[in-house]
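First comes the structure, then the notes that go with it.
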Amino acid sequence: MRKVLMSACLLGKRVRYDGGSLAMTAQIVEQWISEGRVISVCPEVEAGMSIPRKPAEIFEGNGDDVLKGEADVIEKNGGRVTRDFLAGASIALDLCNKFNITIAVLAEFSPSCGSSAVYDGSFSGRKVPGMGVTAALLRQHGVQVFNQYEIADADKVIHATEEVTLIIQNDDVS
Ligand code: SF4
């Protein structure tokens, strides 16, 4: 059975910078949990950041730029937390490797977990296309990253992959 990496805040864990969560009510998530598929991670907390913590955004770049050392993640007061974000991304990747995970559902717009857009570093609510640091690192290593609005797509990919595996296994025994 394929496991799925999920942002802890989407699972109702109160790990966000403001101490809140982004709990989803999707039936698919309930199903995945009952099947034992879900591996939860909050990259920022796993890296040792506190709850609550200062809001942070990627400044003049995106997760790929952070991985290349060409952009930083900064807190609203100007503190640089790039190293924590890189550490959290690395922990998430380790989990994918440990559990053979190739599919992740991560919280959109986060400087760690965003997969199609992130806040632009101005702390004004503006978003720009791009990924957070964890999403970028996972994609670089072949993990398909979806956001919470694409969960049905993630579910289709999981089941399509499992059907292929089943067919191959049946061919092997026939
Ligand atoms: Fe949620 Fe990811 Fe932010 Fe943690 S780092 S609170 S899992 S969006």
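By DSSP, what percent of the beta bridges with both residues in the stretch 4-173 are antiparallel, rounded to the nearest 5?
On the way: 8 of 19 bridges.
Approximately 40 percent, going by the DSSP bridge assignments.
Loop-only check: which GluC sites (Glu not before Pro) in the stretch 1-51 are DSSP coil with at most 16 other Cβ within 10 angstrom? Please list the in-between numbers first.
Values: sites: Glu30, Glu35, Glu44, Glu46; in loops: Glu35.
Qualifying residues, ordered by number: Glu35.
If you add up the charges near Leu22, with Lys and Arg at +1 and Asp and Glu at -1, over every other residue whose beta carbon is less than 13 angstrom from its beta carbon, what do you get? Don't jump to the answer; show the numbers that get you there.
Details: positive: Lys13, Arg14, Arg16; negative: Asp18, Glu108.
Net charge around Leu22: +1.
Taking H placed 1.01 Å from N in the peptide plane, check which residues at least 5 places from Val118 or on another chain put their amide H under 5 Å from its amide H.
Result for Val118 returns Val128, Gly130.
Could you list the trypsin sites (Lys or Arg not before Pro) in the stretch 125-158 that lie in coil according to DSSP, counting only those with at most 12 other Cβ atoms within 10 Å of their Cβ? Don't jump to the answer; show the numbers that get you there.
Details: sites: Arg126, Lys127, Arg139, Lys156; in loops: Arg126.
The qualifying sites are Arg126.
Counting pairs of alpha carbon atoms under 8 Å apart in space and at least six apart in sequence, what relative contact order in percent does the chain give?
Computed over the chain, the figure is 22 percent.
Could you list which residues have their amide H under 5 Å from that of Ala71, counting only those 5 or more apart in sequence or on another chain, with H placed in the peptide plane?
Here the answer is Val66, since their amide H atoms fall under 5 Å of that of Ala71.
What is the magnitude of the charge dipole of the chain about its Cα centre, with +1 placed on the Cβ of each Lys and Arg, -1 on the Cβ of each Asp and Glu, and no other charges, expressed in debye to the nearest 20? Present the calculation step by step, with values, prior to reporting the outcome.
On the way: 17 positive and 23 negative charges, 114 e Å.
Here the size comes out at about 540 debye.
Taking amide H atoms as placed 1.01 Å from N in the peptide plane, list the residues 5 or more away in sequence, or in a different chain, whose amide H sits under 5 Å from that of Ser40.
HN-HN under 5 Å from Ser40: Met6.
Test of understanding: given the chain, find the longest segment containing no chymotrypsin sites (Phe, Trp or Tyr not before Pro) that are in a DSSP loop and have at most 15 other Cβ atoms within 10 Å. List each step's numbers first, then the result.
On the way: sites that count: Phe99, Phe123.
It works out to 1-98.
Gaussian network model of the chain, Cα springs within a sub-10 Å range: biggest mean-square fluctuation belongs to which of Gly88, Gly121, Gly12?
With Cα springs under 10 Å in the chain, the top fluctuation among Gly88, Gly121, Gly12 is at Gly12.
Bear in mind that the values in this text are calculations on the coordinates, not laboratory data. In this text, all values refer to a predicted model and were calculated from it rather than measured experimentally. Positions of Cβ are generated from backbone atoms using ideal geometry, with glycine treated the same way; all protein chains shown enter the neighbour counts.
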